[in-house]
Amino acid sequence: MKTENNTPQTDCKQCGTCCKKGGPTFHAEDKFLIDKGAVPVKLLFTIREGELAHDNVKGGLTPVPTDLIKIKGKKNSWECILFDEKNNACTIYDYRPLECKALKCWDTREIESVYQNDRLTRNDLLSGIRGLWEMVEDHHSRCSYHKIGSLAKSMAGGKNKIAVNGIIDIIKYDMQVRSLVVEKGSIDPEMVDFLLGRSLPDTIKMFGIKIKQAGGIYKLEP
Ligand code: SF4
């Protein structure tokens, strides 16, 4: 990449472009940021195994092989919630995660070398919490994206009612568990997208399905 003077760029110009494109994915060496509270869990969300996500290095959407723990975006945008637009600065600069330190827009070699390595998962953060972890695992298995993908392929434009009802049952279960963890489990609603991933009504469109909900009744439109 060249600067305005046509000389090669060698340092960060703090333009904020990378923070506006989205927050980082966490890696094992970022765990201490969560443990010490530098990045509160309620600012995180999970992209679950099998969900489609943008590959920042190769580009394009691809199903993720394992959980991705990411910093949330601001309302209706991908801009990292920890980016201070007024001052064009990271609000946790000294504690910014590995990918933020490795991402140099003028030379992508460092981010490419760490991007796929040792990604932090919910298992790394929650498996010691009995009861909660079993609930997260059960939800992940019953709301598996592999299962939804296979039902979506069988929908035959909505004619296969078994497949359609199978997807609706999974969506209903996902929504019930989300309500239950907040109402009965006293979980902060802002933590739900970290514990259970993004809600299925928000992600189901990746399978080419539109969902309509009225009065607790879901309808799918292929
Ligand atoms: S954590 Fe900081 S450096 Fe990283 S994307 Fe967010 S605002 Fe930018």
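The values are calculated or read from the model by the stated rules, or taken from the named source; none is laboratory data. Note that this is a predicted model, so its numbers are computed, not measured. Positions of Cβ are generated from backbone atoms using ideal geometry, with glycine treated the same way; all protein chains shown enter the neighbour counts.
State which residue is surrounded by the fewest Cβ atoms within 10 Å (Cβ to Cβ) when the search covers only segment 10-33 and only residues that are hydrophobic (A, V, I, L, M, F, W, C) and more than 19 Å from residue 89 (Cα to Cα).
Filtering segment 10-33 for residues that are hydrophobic (A, V, I, L, M, F, W, C) and more than 19 Å from residue 89 (Cα to Cα), the one surrounded by the fewest Cβ atoms within 10 Å (Cβ to Cβ) comes out as 32.
Confirm whether residue 70 is within 23 Å of residue 92 (Cβ to Cβ), in the same structural domain as residue 114 (by TED's automatic domain parsing) and surrounded by 13 or more Cβ atoms within 10 Å (Cβ to Cβ).
For residue 70, the condition - within 23 Å of residue 92 (Cβ to Cβ), in the same structural domain as residue 114 (by TED's automatic domain parsing) and surrounded by 13 or more Cβ atoms within 10 Å (Cβ to Cβ) - is met.
Quick test of your reading of the structure: residue 157 fulfils all but one of (1) out of contact with any helix residue (DSSP H, G or I) (no Cβ under 6 Å at 6 or more places or on another chain); (2) within 22 Å of residue 62 (Cα to Cα). Name the failing condition by number.
(2)
Based on what the data block shows, is residue 169 within 20 Å of residue 146 (Cα to Cα) and either part of a loop (DSSP other than H, G, I, E, B) or in contact with a strand residue (DSSP E or B) (Cβ under 7 Å, 6 or more places away or on another chain) (or both)?
No: the conditions fail for residue 169.
If residue 141 passes every condition in (1) free of Cβ contacts under 8 Å to residues at least 40 places away in the same chain; (2) over 20 Å from residue 31 (Cα atoms); (3) part of a loop (DSSP other than H, G, I, E, B) but one, which one does it miss?
Exception for residue 141: condition (3).
Consider only pairs whose beta carbons are under 8 Å apart and that are at least six residues apart or on different chains; among these, list those whose first residue lies in segment 197-222 and is in a loop (DSSP other than H, G, I, E, B) and whose second residue is at pLDDT below 85 and among the small types (Gly, Ala, Ser).
222/157; 222/158
For residues that are surrounded by fewer than 18 Cβ atoms within 10 Å (Cβ to Cβ) and touching a residue at least 12 places away in the same chain (Cβ under 8 Å), tally how many sit in segment 34-48.
Looking only at that region, the number is 3.
Write out, first by first residue and then by second, each pair whose Cβ atoms fall under 6 Å of each other, whose residues are 6+ apart or on separate chains, and whose first residue, in segment 151-175, is surrounded by fewer than 17 Cβ atoms within 10 Å (Cβ to Cβ) while the second is charged (D, E, K, R) and not in a loop (DSSP other than H, G, I, E, B).
Every condition considered, the pairs that remain are 173/142.
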